[in-house]
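Data block below; observations after.
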Amino acid sequence: MALQKMSRSVYVGICQEIGTPQQVASRRNRIDDCELLVNQVLKDELKLQLMMSGSRKEGFRFRGSDVDIMYWPTDHQVIWDFSQIRFNNIQSHVPVFCDSSESPPGFTLLKIPVSKECAFFLNRSLKGAFYYVMKSCVEHNKQLCISSSKYREIIQTISFPGSGIHGPCSRGTIGGGIEYDQAYCFVSKLWPPSASSWKDRCLSWPSPDVVDDIVRSGCHFVAIGHKLGNHEDNEWRISFSQAEYKLVYSMNHTQFLIYGLLKVFLKEIINKGIRDEEKLLCSYHMKTALFWAIQQNALKKWSPQNLLGGFWVCFKLLLKWVYEGACPNFFIPANNMFLSKIFGMTQQTFFGKLNGLYERGIGILLNSESIQTYMISVLCNPRLEVCLDVQIREVALDTEIFLDIAGIDVLHLRRIGHGIRILQHPILQSICFTGSQFQMAVLQKLAATMFPAFAFLLFNTYSNKGGNKMMYIVDKISCHLLKLATKCGIINGMLYIAMYYYKTCRYREALSIIEMTKVKLSQPCLMYKRHVNLESYTKAVGGKSVSTKMRQALLWDIPLSNEICYISELQPEQQHETKYHMHSPLLYIPPVVLFHMLEYLCYRQVDYIKEKEALDDLEFLVHHDQGQFVPEQLRDISWEILGICQQMAGHLQDARYSYEQSLKQDHYNQIEHATKQRIRELNC
């Protein structure tokens, strides 16, 4: 009984930490909505499809977790034998043949059924995905094989600049502090023969409908070989990411929370204080253990009062696997996922460590900062009644929604033209009338970024080419686009307008907008990232639609496309590239920092006294803000902007100090080369 009561208490606590059933369902719906929205356009514009994967797709929102995205070309289909070629599609779909005969279980070679001579001529004429595929090919047994290592290297050149290779993925961080893993892969709509036994095992879980859906959906192939394989550089791993998220969706909430508890246990206890390269277990092993435990009916009833019992079952299974040195993949059991990592002395030492944790019993979770509070409350008060009805505040739900919407910047709109075509796409225009609140909010966020970008691009394009009449028309269109942006987000839109007026030398008009923005910024109901006054926010916009909340109470980081010059003062930070460093496609600036910069720049043209006051305000903000308006990940550009303004004011020693501070920050905006150049200019 004591363990059951403690399980109920931990269940409530993890619901607050990880999410209620309603919260998790809402997160999944938002991800699915976003995928549907973007895929409608990617398929037509770029012949690509994407799928979110990883913990965010499954319904988690751990702080610091990255965004995992899988992309694949829609005109390539992997087949397992030539009888599966659909000849009516052969002109629009390139068949890729899968050969697993020389690879370890769970891995395969991917071959293109054309001769080497034919490939020479194709390489000279092809464009798009097939071009990159052919560039990645190597000869293997007189056949063309797509090399996974070459494909990773080639695809990285079209990923976000500044990203690095991490396993099969391109990994990096965009300016807003969002970490991403992007895997460019291939898809097969056919279920792998090596996983055929999985269907026969599914007697009690998952349900027949889920099994059929998973099998019909096929699998993917990601660009990483087996470390012990004969063809590591050329092999591809069979990925069941799509099947896995469908299995997680089919779990009840207790099972899902056990999965979350296993993740917390891994991070806060097993891997605590261990460097990434020394970690032997990852969350994928935890998920695999839970899949096997559920399918094997290791627990009679997966309910809140059995949450800790379910966790312990999974931990014992992991301990058994480490002892045996074998962790069977859930879909292809012959694929031992410990094979190249946990063996010999490493295995013995690691088993000793885990067995020591096991011998301490369930109380080991008291060492988890996230869980201990909910266990101690029951230990201190055994008669405590635990209510399972967990309520989450509206503001907490909104914060999650807005952070999800901010993630739209990760979806690789490298060119302004792509964003404009997306906004013009007929399917997305119809969403404005028939879509969900979240879909409309995502379009609203996209428009809030794209309209100003297009306005500045239009002005830059014609500023040196058009006559007075043409520039009058261009200015009218640009101003109209900027005003439209304010309907998507008032404060951010007003900052873009002030920036445009400054660029076009209308300083007093810009200052008028800046004064109006100052009034808006003084509102106590504003939300910026996770900073918000709960009472004021609820009173101002509680119960209103997501779009209304975005428009009236939300501050976004200001993204500037590095294809476009917004104001000349920031041009070095947007364009500075070297042989060894490629710029991120977006420069992110905290809105309040940009506000003070524009205020200083405009007063510098019209009022010396207020110019000094504006610079003092900017200095105070950057020096003393504790993360409310200058988030840690954007301190590089904040110090940089302060240095730019100080240099313009002639305060050269202060400017040098600010640039040096910028270099000491995390390089989320990747502006360090521009910063060093500014320091060199000060020394001249």
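Remarks
- The numbered conditions (1) assigned to a helix (DSSP H, G or I); (2) over 23 Å from Pro590 (Cβ atoms) are all true for Tyr500 except (2).
- In the set Leu586, Leu555, only one residue is modelled with pLDDT under 90, within 19 Å of Ala485 (Cβ to Cβ) and touching a strand residue (DSSP E or B) at 6+ places or on another chain (Cβ under 9 Å); that residue is Leu586.
- Selection status of Gly59, under 21 Å from Val546 (Cβ atoms), at pLDDT 85 or above and either hydrophobic (A, V, I, L, M, F, W, C) or in the same structural domain as Gln143 (by TED's automatic domain parsing) (or both): yes
Yes/no matrix, rows are residues, columns are (1) exposed (fewer than 15 other Cβ atoms within 10 Å of the Cβ); (2) not acidic (Asp, Glu); (3) not assigned by TED's automatic domain parsing to the domain that holds Leu403:
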{"site": "Glu563", "(1), (2), (3)": "no, no, yes"}
{"site": "Glu573", "(1), (2), (3)": "no, no, yes"}
{"site": "Tyr603", "(1), (2), (3)": "no, yes, yes"}
{"site": "Ile609", "(1), (2), (3)": "yes, yes, yes"}
{"site": "Ala614", "(1), (2), (3)": "no, yes, yes"}
{"site": "Ile637", "(1), (2), (3)": "no, yes, yes"}
{"site": "Cys645", "(1), (2), (3)": "no, yes, yes"}
{"site": "Met648", "(1), (2), (3)": "no, yes, yes"}
{"site": "Gln653", "(1), (2), (3)": "yes, yes, yes"}
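- Subset of segment 293-303 [buried (at least 19 other Cβ atoms within 10 Å of the Cβ) and in a helix (DSSP H, G or I)]: Ala293, Ile294
- Verdict on Lys272 being outside the structural domain of Leu290 (by TED's automatic domain parsing) and either charged (D, E, K, R) or at pLDDT 95 or above (or both): no
- So Glu45, is it modelled with pLDDT under 90, within 29 Å of the chain's Cα centre (by Cα) and loosely packed, with under 14 Cβ neighbours inside 10 Å: yes
- Segment 612-639 - residue that is over 19 Å from Val532 (Cα atoms) and among the β-branched types (Val, Ile, Thr) and, of those, nearest to the chain's Cα centre (by Cα): Ile637
- Of the residues making up segment 594-613, those that are more than 18 Å from Leu570 (Cα to Cα) and in a helix (DSSP H, G or I) are Val606, Tyr608, Ile609, Lys610, Glu611, Lys612, Glu613.
- Filter result for Val222 (buried (at least 16 other Cβ atoms within 10 Å of the Cβ), at negative phi and in contact (Cβ under 8 Å) with a residue 24 or more places away in the chain): yes
- Taking first residues from segment 366-391 that are part of a loop (DSSP other than H, G, I, E, B) and partners that are among the aromatic types (Phe, Trp, Tyr) and surrounded by 17 or more Cβ atoms within 10 Å (Cβ to Cβ), the Cβ contacts under 9 Å between residues at least 6 apart in sequence or on separate chains come to Ser368/Phe265; Ile371/Phe265; Val386/Tyr11; Leu388/Tyr11; Val390/Tyr11.
- Any hit, segment 141-160, residues being small (Gly, Ala, Ser), at pLDDT below 85, closer than 21 Å to Val187 by Cβ and assigned to a loop (DSSP other than H, G, I, E, B): yes
- Number of the condition not met by Arg508 [criteria: (1) surrounded by fewer than 17 Cβ atoms within 10 Å (Cβ to Cβ); (2) more than 25 Å from the chain's Cα centre (by Cα); (3) closer than 17 Å to Pro590 by Cβ; (4) in contact (Cβ under 8 Å) with a residue 12 or more places away in the chain]: (3)
For (1) surrounded by fewer than 18 Cβ atoms within 10 Å (Cβ to Cβ); (2) touching an Asp or Glu at 6+ places or on another chain (Cβ under 8 Å), each residue gets a yes or a no:
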| site | (1), (2) |
| --- | --- |
| Ile165 | yes, yes |
| Trp191 | no, no |
| Gln242 | no, no |
| Val248 | no, yes |
| Glu278 | yes, no |
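- Val264 outside any loop (DSSP other than H, G, I, E, B), within 24 Å of Gln296 (Cα to Cα) and touching an Asp or Glu at 6+ places or on another chain (Cβ under 6 Å): no
- Meets criteria (out of contact with any helix residue (DSSP H, G or I) (no Cβ under 6 Å at 6 or more places or on another chain), at pLDDT below 95 and more than 16 Å from Leu621 (Cβ to Cβ)) for Gln653: no
Okay, residues lined up against (1) within 26 Å of Ile224 (Cβ to Cβ); (2) in a helix (DSSP H, G or I):
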position: Ala289; (1), (2): yes, yes
position: Lys316; (1), (2): no, yes
position: Lys320; (1), (2): no, yes
position: Tyr323; (1), (2): no, yes
position: Ala326; (1), (2): yes, no
position: Thr346; (1), (2): yes, yes
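The values are calculated or read from the model by the stated rules, or taken from the named source; none is laboratory data. Remember, predicted model here, so these are calculated numbers, not experimental data. Here Cβ is always computed from backbone atoms with ideal geometry, including for glycine, and neighbour counts include all displayed protein chains.
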